[in-house]
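Here is the structure we will look at, set down as structure tokens.
The values are calculated or read from the model by the stated rules, or taken from the named source; none is laboratory data. For clarity, every value in this text was computed on a predicted model and none was experimentally measured. Note that each Cβ is placed from the backbone with ideal geometry, even for glycine, and that neighbours are counted across all protein chains shown.
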Ligand SMILES: [Fe+2]
């Protein structure tokens, strides 16, 4: 732990741990009073600041409930053609910024998406994946079941063609442009027009599946969100009593700092998490839900500072597991939990990196539920560091270092190769 020296007139400094603290309980017991003292130096109590954050969230929840009551779609939906031709209206942009999530209709032609799905089946069958599959390699998605719904496959032609496609870049640049990527002092936190091609897996969930789904959680970090110096700067308005000024679209200090390692971590900075549908999926078939409120992190970070939470608890957040959101600590948020609309193969789905999400349970699923996980991970310090790992994994067909070391594809035929890269692919892997 280090304690930065600060001039007398500034708020009290925060202790910070840029590597996972050895004693998590002691670190939590140290950071909570320090955060309270810093907030109270603003002249407001923690309760007042939390109430301000809660009012902001409550207003959003009421808007969502009102939309739903009017029969309006909670999730913003845009046609790919409107994005690519620059004809998204100011009203549509405002809704997107307010909700922080999006379905892109016709992101890829339906026939293209179905052909990619068939290519993946051919790729895994040709390489006898099912004969050699040894079970889930992690405990999080592994809880879904013993059948391989999540395929630890990263380097198929289908995935890489989508990642380096012009249509993918167009949507990623559009989404990145919602963020403030350059500060007033000229610091550029990320390049909105260069994506780091974050390699992730695919999901193929067959008809008839019973699935327990995944509980509500968020993915941007764990205790590091309170404890590392860069995140303390990123969430400076949450921690200094000026929570009204907190802007979830400000990238300052989000793209530079370390993260605490863990099996569920994402080394990359993602402006949006996302996936591309490779099958049609109806909204009642165990699909993704979000709490579509991008500024939710201010609320989640302040909640453990209230007196009803035990002094060694951050409302259940620990390292090496996803950030849980629970009815015990966050009951009001469940009113806003909203499913994606029905999607068709070739549509894509996006949500702000901080947002709470879940996958609903399903019994006897109708139709397939197939997706390629492809986020928006623009070029920045953090993603450039991880690109070294990605490049090595790509060249050897290995599982990327954020994922279990399963390495199925090392010996597979038909992998996407160096010669298949276009300019976008080369730039994304840092090979340009
Ligand atoms: Fe997640």
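Suppose the filter is touching a residue at least 12 places away in the same chain (Cβ under 8 Å), within 16 Å of the ligand (Cβ to nearest atom) and surrounded by fewer than 20 Cβ atoms within 10 Å (Cβ to Cβ); does residue 290 pass it? No: the conditions fail for residue 290. Give the residue that is surrounded by the fewest Cβ atoms within 10 Å (Cβ to Cβ), with candidates limited to residues of the stretch 166-204 that are part of a strand (DSSP E or B) and within 16 Å of the ligand (Cβ to nearest atom). Applying the filter and picking the extreme gives 203. A count restricted to the stretch 207-217 and to residues that are farther than 23 Å from residue 267 by Cα and within 16 Å of the ligand (Cβ to nearest atom) stands at 3. Considering the conditions (1) touching a helix residue (DSSP H, G or I) at 6+ places or on another chain (Cβ under 9 Å); (2) surrounded by fewer than 15 Cβ atoms within 10 Å (Cβ to Cβ); (3) assigned to a helix (DSSP H, G or I), residue 82 is excluded by exactly one of them, (2). Residue 220 passes every criterion in (1) part of a loop (DSSP other than H, G, I, E, B); (2) away from the ligand (no atom under 16 Å from the Cβ); (3) buried (at least 19 other Cβ atoms within 10 Å of the Cβ) apart from (2). Scanning the stretch 326-333 finds no residues that are on the phi > 0 side of the Ramachandran plot, within 16 Å of the ligand (Cβ to nearest atom) and touching a strand residue (DSSP E or B) at 6+ places or on another chain (Cβ under 8 Å). Condition test on residue 279, is it more than 27 Å from residue 19 (Cα to Cα) and either within 16 Å of the ligand (Cβ to nearest atom) or assigned to a loop (DSSP other than H, G, I, E, B) (or both)? Taking the combined requirement at face value, the residue satisfies it. Put simply, of 14, 96 the only residue that is in contact with a helix residue (DSSP H, G or I) (Cβ under 9 Å, 6 or more places away or on another chain), under 30 Å from residue 169 (Cβ atoms) and touching a residue at least 60 places away in the same chain (Cβ under 8 Å) is 96. Evaluating residue 303 against the criteria (1) more than 20 Å from the chain's Cα centre (by Cα); (2) part of a loop (DSSP other than H, G, I, E, B); (3) touching a residue at least 40 places away in the same chain (Cβ under 8 Å); (4) under 24 Å from residue 265 (Cβ atoms) leaves one unmet condition, (2). Hey, can you tell me all the residues within the stretch 223-271 that are out of contact with any strand residue (DSSP E or B) (no Cβ under 9 Å at 6 or more places or on another chain), within 13 Å of the ligand (Cβ to nearest atom) and either more than 28 Å from residue 197 (Cβ to Cβ) or at pLDDT 95 or above (or both)? Answer for the stretch 223-271, where residues must be out of contact with any strand residue (DSSP E or B) (no Cβ under 9 Å at 6 or more places or on another chain), within 13 Å of the ligand (Cβ to nearest atom) and either more than 28 Å from residue 197 (Cβ to Cβ) or at pLDDT 95 or above (or both): there is none. On the basis of being within 16 Å of the ligand (Cβ to nearest atom), surrounded by fewer than 21 Cβ atoms within 10 Å (Cβ to Cβ), modelled with pLDDT under 95 and in a loop (DSSP other than H, G, I, E, B), does residue 321 make the cut? Against the criterion (within 16 Å of the ligand (Cβ to nearest atom), surrounded by fewer than 21 Cβ atoms within 10 Å (Cβ to Cβ), modelled with pLDDT under 95 and in a loop (DSSP other than H, G, I, E, B)), residue 321 qualifies.
Just give me the residues in the stretch 334-348 being in a loop (DSSP other than H, G, I, E, B), more than 16 Å from the ligand (Cβ to nearest atom) and buried (at least 21 other Cβ atoms within 10 Å of the Cβ), in sequence order. Correct list: 345, 346, 347.
Mind listing just one residue for me: the one in the stretch 349-368 that is under 20 Å from residue 116 (Cα atoms) and within 16 Å of the ligand (Cβ to nearest atom) and, of those, surrounded by the most Cβ atoms within 10 Å (Cβ to Cβ)? Only one residue tops the list, namely 350. Beta carbons closer than 7 Å, at least 6 apart along the sequence or on distinct chains, never pair a first residue in the stretch 210-227 that is without any contact (Cβ under 8 Å) to a residue 40 or more places away in the chain and more than 25 Å from residue 361 (Cα to Cα) with a second that is assigned to a strand (DSSP E or B) and more than 12 Å from the ligand (Cβ to nearest atom). Would you confirm whether any residue within the stretch 128-138 is in a helix (DSSP H, G or I), within 25 Å of residue 367 (Cβ to Cβ) and free of Cβ contacts under 8 Å to residues at least 40 places away in the same chain? Yes: one or more hits.
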